[in-house]
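Peer 1: Got a structure here, written out as structure tokens. Questions coming.
The values are calculated or read from the model by the stated rules, or taken from the named source; none is laboratory data. All of these numbers come straight from a predicted model, not from anything done at the bench. Cβ atoms come from the backbone with ideal geometry, glycine included; neighbour counts cover every protein chain shown.
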């Protein structure tokens, strides 16, 4: 499984994310999962849109363009679609983006590795 460590401007690790860069992980995403463990997320590279159909919990959605927060949607409920051209998407449990202090315009470092 590919993992991305995401760091804030100070270099602190803020989330470890599974990288959904192949068909099945992208297709399944977080559907039918009951939660995400604290400190975890899912990163969808080159993903212009997401949906929350089949989701069992609300999400914070971070659209990243060139590793900068281009759009932030907090507490997105089930059965919604959101899009932002030319972005990667980071999905977090609802409330996590606010707890981390994420904001539009903030630059993040995304370090991808294989675990």
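Peer 1: How about segment 3-47: which of its residues are outside any loop (DSSP other than H, G, I, E, B) and modelled with pLDDT under 90? Walk me through how you get there before you give the answer.
Peer 2: The initial filter retains those residues of segment 3-47 that are outside any loop (DSSP other than H, G, I, E, B), namely 3-7, 13-19, 23-28, 40-44.
Within segment 3-47, 23, 24, 25, 26, 27, 28 qualify.
Peer 1: Would you confirm whether or not segment 79-93 contains a residue that is closer than 20 Å to residue 37 by Cα, in a strand (DSSP E or B), within 12 Å of the chain's Cα centre (by Cα) and free of Cβ contacts under 8 Å to residues at least 24 places away in the same chain? Let's see the steps before the verdict.
Peer 2: Step one: of segment 79-93, the residues closer than 20 Å to residue 37 by Cα are 89-93.
Now narrow it down to the ones that are in a strand (DSSP E or B): 89-93.
Next, from what is left, pick out any that are within 12 Å of the chain's Cα centre (by Cα): 89-93.
Filter once more, so that each one left must be free of Cβ contacts under 8 Å to residues at least 24 places away in the same chain: none.
Taking every residue of segment 79-93 in turn, none turns out to be closer than 20 Å to residue 37 by Cα, in a strand (DSSP E or B), within 12 Å of the chain's Cα centre (by Cα) and free of Cβ contacts under 8 Å to residues at least 24 places away in the same chain.
Peer 1: Quick one: is residue 59 out of contact with any helix residue (DSSP H, G or I) (no Cβ under 6 Å at 6 or more places or on another chain), modelled with pLDDT of 95 or more, farther than 19 Å from residue 105 by Cα and buried (at least 18 other Cβ atoms within 10 Å of the Cβ)? Write out each step before concluding.
Peer 2: Numbers: out of contact with any helix residue (DSSP H, G or I) (no Cβ under 6 Å at 6 or more places or on another chain): yes; modelled with pLDDT of 95 or more: no; farther than 19 Å from residue 105 by Cα: yes; buried (at least 18 other Cβ atoms within 10 Å of the Cβ): yes.
Judged against the criteria, residue 59 is not a match.
Peer 1: Further question: So residue 50 passes all but one of these: (1) part of a strand (DSSP E or B); (2) at pLDDT 95 or above. Which condition number does it fail?
Peer 2: (2)
Peer 1: Tell me which residues, restricted to segment 94-115, are within 11 Å of the chain's Cα centre (by Cα) and loosely packed, with under 14 Cβ neighbours inside 10 Å.
Peer 2: Correct list: empty.
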